[in-house]
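Only the coordinates and a few stated rules stand behind these numbers; no lab work does. Note that this is a predicted model, so its numbers are computed, not measured. Every residue, glycine as well, gets a Cβ built from its backbone with ideal geometry; the counts of neighbours run over all protein chains shown.
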Amino acid sequence: MVERDDVRRAYDELAEVYAAQRSEDGTGTERLETFLESLPSSARVLDAGCGQGTPILGRLRDSTDAVGVDFSREQLRLAAGNVPGASLVRGDMTTLPFATGAFDAVVAYWSLIHVPMDDHPTVVDEFARVLRPGGRLLLCEGTTEWVGENTDWLDSGVTMTWNIAGAETTREQLRDAGFEIVDEWGVPEELGEDEDDADDEPWTFFSARLDG
């Protein structure tokens with residue numbers, strides 16, 4: 001099982017390595033950009049698990065009221081440098097430090113996959129709580145349920161762990177939280193570590209709208 005503090009410490013330790021290997025235009029960013037461009041210019045957007053601030057906060061700095069939240073101090077430090085003036089908050093996705101109905105959209109980009117499995121429904125419920133009625137959500141999750149770790153992730157010497165609920169379970173959690181799934185699509189591995197994986201699209205993105 002993923003321990004939240006272990007993931008936080010890992011992202012603190014490999015912050016610079018991860019930043020160097022995660023491309024601003026990596027896998028999934030084309031559809032991400034389409035989603036962001038579809039939002040009204042006045043939309044208030046939460047980047048949930050914002051990490052180093054790219055690619056989301058950097059794309060939003062001139063067009064929306066965007067806020068980034070992450071539990072890693074080092075990732076937030078990088079975000080402050082990458083997106084000067086960005087609104088950044090240290091917090092946990094299971095208890096988002098924001099008022100109910102505070103946002104028009106939430107993006108969870110490669111972040112839910114690190115949350116302990118039993119907490120996934122709580123996080124999805126939190127996304128629903130902080131969204132206004134009719135609010136938008138973009139979320140990515142593993143296509144197939146999987147729990148595991150890599151003891152030398154990105155050749156960093158740091159252990160990273162994942163709890164992936166799978167697309168079918170995530171669909172149920174979204175609907176249980178009051179979301180209507182508007183669209184979903186599969187994407188290949190972002191950082192290219194599983195090139196021999198038989199699954200050509202190990203990740204699934206969901207675009208959803210909160211009922212109401």
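Place a point 7 Å from the Cα of Ser42 along the Cα-to-Cβ direction; which residues of the stretch 60-83 have their backbone N under 19 Å from it?
61-67
Rounded to the nearest 20 debye, what is the charge dipole size of the stretch 15-71 about its Cα centre when +1 sits on each Lys and Arg Cβ and -1 on each Asp and Glu Cβ?
Roughly 120 debye, rounded to the nearest 20.
How many angstrom lie between the Cα centre of the stretch 91-150 and the Cα centre of the stretch 10-73?
14 Å
Per DSSP H run of at least 4 residues, take -39500 (n - 2.57); add these up for the chain, divide by its residues and hand me the 222 nm value, nearest 500 deg cm²/dmol.
Calculated mean residue ellipticity at 222 nm is -8000 deg cm²/dmol.
Assign unit charges at the C-beta atoms only (+1 for Lys and Arg, -1 for Asp and Glu), then state the dipole size of the chain relative to its Cα centre in Debye, rounded to the nearest 20.
Dipole about the Cα centre, nearest 20: 1400 debye.
I'd like the GluC sites (Glu not before Pro) in the stretch 91-145 restricted to DSSP loop residues with at most 15 other Cβ atoms within 10 Å, sorted by number.
Glu145
Please identify, among Pro40, Pro121, Pro202, the residue showing maximal mean-square fluctuation in a Gaussian network model of the chain using a 10 angstrom Cα cutoff.
Checking each option, the largest mean-square fluctuation is seen for Pro40.
Can you give the relative contact order of the chain as a percent, counting alpha carbon pairs under 8 Å and 6+ residues apart?
Value for the chain: 20 percent.
Choose one of Thr94, Val107, Val83: the residue whose Cα lies farthest towards the positive end of the charge dipole of the stretch 49-146 (beta-carbon charges +1 Lys, Arg; -1 Asp, Glu; about the Cα centre).
Val83
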